[in-house]
Amino acid sequence: MRSPAPLLTLGLLTLVALTPAPLAQTSGQPAPPGPAAPAAPASPPTEPAAQPAGCVEGAETSCTELVRTGNDGKERRIRILRTGTSDETGIDAVCGPREGEPEGTPTLLVLSESGARGIEISIDKNLIRVPLAIVTQKEKGDGAKSDGRIEASAGTARVLDEVPEGATDRLALCGVEAIPKPAPDTVLVTQGRTQLKGQKLVYDEADGVARIDGPITFDRENGKDSLSGTSQRIEVNVDAETTTLVGSVVLNSAGGRISRAARVEYDDTRNLARLIGTPEQPAESVKGGDKLSAGMILYDLEHNEVYAVKAEGGTITGEFLEQEEAPATDAPAPAPTAPPGSTPANPPTRP
């Protein structure tokens, strides 16, 4: 049996901006295996704390920032933070290129945490919590590292006592074992007041999109205007700074409105969702006997009101049941103003 290769480094990790500060585990004696991670970190509170702007030098937690430069020249950062510091609840390990490996061999980073907050990945407006994350980065020509690839899900990781005989896997050769175990509802996403759940996240520098496989479920607490729903997956486009629910998206309001679309661009910070249909299957929103159908529907998340947007060459259709006139009041509330270029449901009703 061979000893773990000296390329394994444990401790404070900031591959982009900070200098690693090794802990006791860098002495050559690997840490004992930690307990198995739970299926997923505990659900975050409805109103999460504000996300830090970036990794903090000198902090005890391990933090990595991946920097992506878009076609617009703007730098956007993905932050990956191991929230725990104990060797008993997780590991943070770097496996760099070994002697004799070809030029361009990527660096691997493994982060695991079985504590309540798990591994936190901040992408655009989203804070994502998982028990296990594996990052792959290649060197650029200028010596900097690429924004690479992230694979995150439920699972476990540990430092091996010895490198297995005959091992060829790069992590095993560095004395690390990582076992992803994707499962529904184990990737937890927070965007404002919205909580979403999926089972696996993959981000790739090729297109700058983080994809979270479903089934996706989500909830937005807002009293009588609370919202829940489902989709097949989530796509977070780093360059465009958008979060999109993709595939058979359904939104259910507490007041009985049901809305469907092929894609939904979701922005909790603006209280807005854009329901985007296809020529074959327009976006639609139904409440009781009222039905609105269009190429795009704007959904006011705060008030659960919908407005149709007519695309060029498209149509808007609606079926509305007449309602009895409500008794007059001394100070009736004004009807909401429809966004420019949109048509409100007739009349705009609250679920």
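The values are calculated or read from the model by the stated rules, or taken from the named source; none is laboratory data. What you are looking at is a predicted structure, and each value in this text was computed from that prediction instead of being measured. Note that we place each Cβ from the backbone using ideal geometry, even for glycine, and neighbour counts take in every protein chain shown.
Of note:
- Residues in the stretch 156-207 that are crowded, with 22+ Cβ neighbours inside 10 Å and aliphatic (A, V, I, L, M): 7 in all.
Results for (1) surrounded by fewer than 17 Cβ atoms within 10 Å (Cβ to Cβ); (2) within 22 Å of Asp169 (Cβ to Cβ); (3) among the aromatic types (Phe, Trp, Tyr), shown as yes or no for each residue.
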position: Glu75; (1), (2), (3): yes, no, no
position: Arg79; (1), (2), (3): no, no, no
position: Val94; (1), (2), (3): no, yes, no
position: Glu99; (1), (2), (3): yes, yes, no
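- Residues that are of a type outside the set (A, V, I, L, M) and either at pLDDT 95 or above or in a strand (DSSP E or B) (or both), drawn from the stretch 272-294: Arg274, Glu284, Ser285, Lys287, Asp290, Lys291, Ser293
- Residues in the stretch 101-123 that are crowded, with 23+ Cβ neighbours inside 10 Å and either of a type outside the set (Asp, Glu) or under 25 Å from Glu75 (Cβ atoms) (or both): Leu109, Val110, Leu111, Ser112, Gly118, Ile119, Glu120, Ile121, Ile123.
- Screening Gln191 against (1) within 15 Å of the chain's Cα centre (by Cα); (2) assigned by TED's automatic domain parsing to the domain that holds Ile123 leaves a single unmet condition, (2).
- Thr85 vs. criteria modelled with pLDDT of 50 or more and hydroxyl-bearing (Ser, Thr, Tyr): yes
- Scanning the stretch 97-124 for residues that are in a loop (DSSP other than H, G, I, E, B), modelled with pLDDT of 90 or more and either under 18 Å from Asp147 (Cα atoms) or touching a helix residue (DSSP H, G or I) at 6+ places or on another chain (Cβ under 6 Å) (or both) turns up Pro106, Asp124.
- Being within 30 Å of Val250 (Cα to Cα) and of a type in the set (D, E, K, R) holds for only one residue in Lys197, Lys145, and it is Lys197.
- Screening the stretch 76-96 for residues that are in a strand (DSSP E or B) and over 18 Å from the mean Cα position of the chain (by Cα) and picking the one that is nearest to Thr186 (Cα to Cα) gives Gly90.
- Top-ranked residue in the stretch 124-153 [being buried (at least 24 other Cβ atoms within 10 Å of the Cβ) and within 17 Å of Ile234 (Cα to Cα); ranked as nearest to the chain's Cα centre (by Cα)]: Ile128
- Number of the exception - Lys140 against (1) without any contact (Cβ under 8 Å) to a residue 40 or more places away in the chain; (2) closer than 21 Å to Gly96 by Cα; (3) charged (D, E, K, R); (4) touching a strand residue (DSSP E or B) at 6+ places or on another chain (Cβ under 9 Å): (4)
- For the criterion of being farther than 18 Å from Val246 by Cβ, among the hydrophobic types (A, V, I, L, M, F, W, C), assigned to a strand (DSSP E or B) and in contact with a Leu (Cβ under 8 Å, 6 or more places away or on another chain), Ala172 fails.
- Residues of the stretch 208-224 satisfying the condition of being part of a loop (DSSP other than H, G, I, E, B) and surrounded by fewer than 17 Cβ atoms within 10 Å (Cβ to Cβ): Glu221
- Residue check, Lys145 of a type outside the set (Asp, Glu) and touching a strand residue (DSSP E or B) at 6+ places or on another chain (Cβ under 9 Å): yes
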